[in-house]
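The values are calculated or read from the model by the stated rules, or taken from the named source; none is laboratory data. Being a predicted model, the structure only gives us computed values, none of them experimental. Methodologically, a virtual Cβ is constructed for each residue, glycine included, from the backbone with ideal geometry; neighbour enumeration extends over all protein chains shown. Heads up: the accessible areas ignore ligands, DNA and RNA and are worked out on the full protein's heavy atoms, side chains in. Shrake-Rupley method; radii C 1.70, N 1.55, O 1.52, S 1.80 Å.
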Amino acid sequence: MSNVIERFLKYIQIDTQSDETPTSVPSTSKQLNLAHVLIEELQSLGLEEVKCNKGYVYAVLPANTPNVVPAIGFIAHMDTSPDMSGFAVKPQLIENYPGGDIILNAEKNFILSADAFPELQQYVGKTIITTDGTTLLGADDKAGVAEIMTALEYLVQHPEVEHGKLCIGFTPDEEIGRGADHFDVKGFGADFAYTVDGGPVGELEFENFNAAKAVVQFYGRNVHPGSAKGKMINSILLAHEFLSLLPSHETPADTEGYEGFYHLHRSQGEIENTILHFILRDFKNEGLENRKNTMRNAAKMLQKKYGQDSVKIEITDQYQNMREKIEPVMQIVDIAKQAMEAVGVKPKINPIRGGTDGARLSYMGLPTPNLFTGGHNFHGRYEFIPTFALEKGVEVILKIIEKSIMM
Ligand SMILES: [Zn+2]
């Protein structure tokens, strides 16, 4: 078994689920269990400046070339999604996958169905690592962690391979959107970086949504329905009217690719008070501004009709498209593309219909596109990763490092 597979299987044994509720850093102390394992490994590989700060693990592999070359960062997150348990993960290795359904758990009837997941077909004859159906697998993002660690091990064992300064960062709490919160960009010391946190082999991402959230509150007046004529204002119906003023075909279920959306994801209402929670997404800044204005205008219309105090809208920016920060240093995407091609992987450049820590790091001064891990179906029991994908991940990282000394 290759080292990257062995590492991956070791890391997924450590439960590192993050949790949105606590405000502590990291959100769950069990993430430190993996941090400590990684620190020990980094130290025994002989890396320098190995440290842990607020659950963030940092390390440096110093340059071994006399030439002036950029310092590159590689970043992966240690936590797993709160959506599904990551405790007592029991991976199954399906060797020489013959195609068809994979039974994850006969007793509970959890099946990785070839119909529902047609992408399985491309892995016929390969080895696939799946869950036993009771937990997630943790390829998101322990595959990224294992790939980075294995690339480092290779470089340490092959000092003849020339490389610049490599900066390593393993972060907590990515899955709850806090992975960049306490990242020490200055101390990290990289000119640019890659998160290794994408999906299937070949994924390369440097664009993501611009994001905002909106909370809209509606205030009504409750009167006995028998004598309500001209008096009652039903805030549930105000919310309804508000929704009718938004474009009806710009929801997540109606959009794909570069299309943005309005997404109503939570609502709660009674006569006197109704609240709607939205997220707004758009790849263009201007597009996001337009969406915000559409919502503000809808609120204004209702205010005109029902009074200034009938609607309150609060819009907060969340994150931005990293494209703006990557474009001036587009060579870092080109290098990743060339690296993939050089190891026989076809680059698939897609916009991320979400955010990444890399987007936030890019705005914190560290341009950070995202590389594939090789995994599929993150955050649930159907998560899986083909073993060759783990190996390709290592190869791509090493190739990027090799190519960067010519930058
Ligand atoms: Zn991830």
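What to note about this one:
- DSSP loop trypsin sites (Lys or Arg not before Pro) with at most 11 other Cβ within 10 Å excluded, longest remaining stretch of the chain: 232-407
- Relative contact order %, the chain, counting alpha carbon pairs below 8 Å whose residues are six or more apart: 23
- Rounded to the nearest 10 degrees, the angle from helix 387-404 to the longest Cα principal axis of the chain is 80 degrees.
- Values of log10 I(q)/I(0), in the order q = 0.11, 0.22 Å⁻¹, for segment 157-268 under a Debye, Cα-only, solvent-free model: -0.69, -1.33
- Helix-only arithmetic for the chain: the sum of -39500 (n - 2.57) across DSSP H runs with n ≥ 4, divided by the residue total, places the mean residue ellipticity at 222 nm at -9000 deg cm²/dmol.
- Look at the alpha carbon pairs under 8 Å that are at least 6 residues apart: their mean separation over the length of segment 298-378 gives a relative contact order of 29 percent.
- Anchor LYS348: aspartates and glutamates whose Cα lies under 14 Å away (excluding residues fewer than 8 positions away in-chain): GLU203, GLU205, GLU207, ASP334
- The Cβ shell under 15 Å around GLY260 holds other residues with a net charge of -2, Lys and Arg each +1, Asp and Glu each -1.
- Over segment 88-156, volume per residue of the alpha carbon convex hull, in Å³: 110
- Whole-number percent relative contact order across segment 6-90, with pairs defined as alpha carbons under 8 Å at least 6 apart: 37
- Distance between the C-alpha centres of segment 136-201 and segment 63-135: 18 Å, rounded to the whole angstrom.
- Rounded to the nearest 10 degrees, the inclination of helix 285-306 to the longest alpha-carbon principal axis of the chain is 20 degrees.
- Listed by chain and number, the lysines placed with their C-alpha closer than 19 angstrom to that of LYS292 are LYS213, LYS284, LYS300, LYS304, LYS312; residues fewer than eight positions away on the same chain are left out.
- Once the Cα gyration tensor of the chain is diagonalised, semi-axes √(5λ) in Å: 43, 25, 20
- Unit Cα scatterers, Debye sum, segment 328-407: log10 I(q)/I(0) for q = 0.16 Å⁻¹: -0.71
- Alpha carbon Rg of segment 1-135, scaled by the compact-globule rule 2.2 N^0.38 Å: 1.33
- Fraction of accessible area attributable to carbon and sulfur, the chain (%, probe 1.4 Å): 49
- Stokes-Einstein translational diffusion, segment 258-303 - Kirkwood Rh over all Cα pairs, 1.002 mPa s, 20 °C, in µm²/s: 180
- Convex hull per residue volume in Å³, alpha carbons only, for segment 148-213: 150
- Over all other residues within a Cβ to Cβ distance under 12 Å of GLY189, the charged ones net out to -2, with Lys and Arg as +1 and Asp and Glu as -1.
- The angle between the Cα long axis of helix 331-342 and the longest principal axis of the Cα atoms of the chain comes to about 60 degrees, rounded to the nearest 10.
- Placed amide H near GLN318: partners under 5 Å, 5+ positions off or other chain: ALA211, ALA212, LYS213
- Close amide-amide hydrogen proximity is noted between ARG353 and no other residue 5 or more places distant or on a separate chain, at a cut-off under 5 Å (H modeled in the peptide plane; Pro and chain starts excluded).
- Seen from every direction in turn and averaged, the convex hull around the alpha carbons of segment 54-112 projects onto 8.8 nm².
- Taken over segment 262-407, the ratio of Cα radius of gyration to 2.2 N^0.38 Å equals 1.47.
- Histogrammed with a bin width of 10 Å, the alpha carbon distances of segment 213-311 distribute as 16, 44, 27, 11, 3, 0 percent, first bin at zero.
- Between ALA212, ALA193, ALA106, the residue with the greatest mean-square fluctuation in the GNM of the chain (Cα pairs under 10 Å linked by springs) is ALA106.
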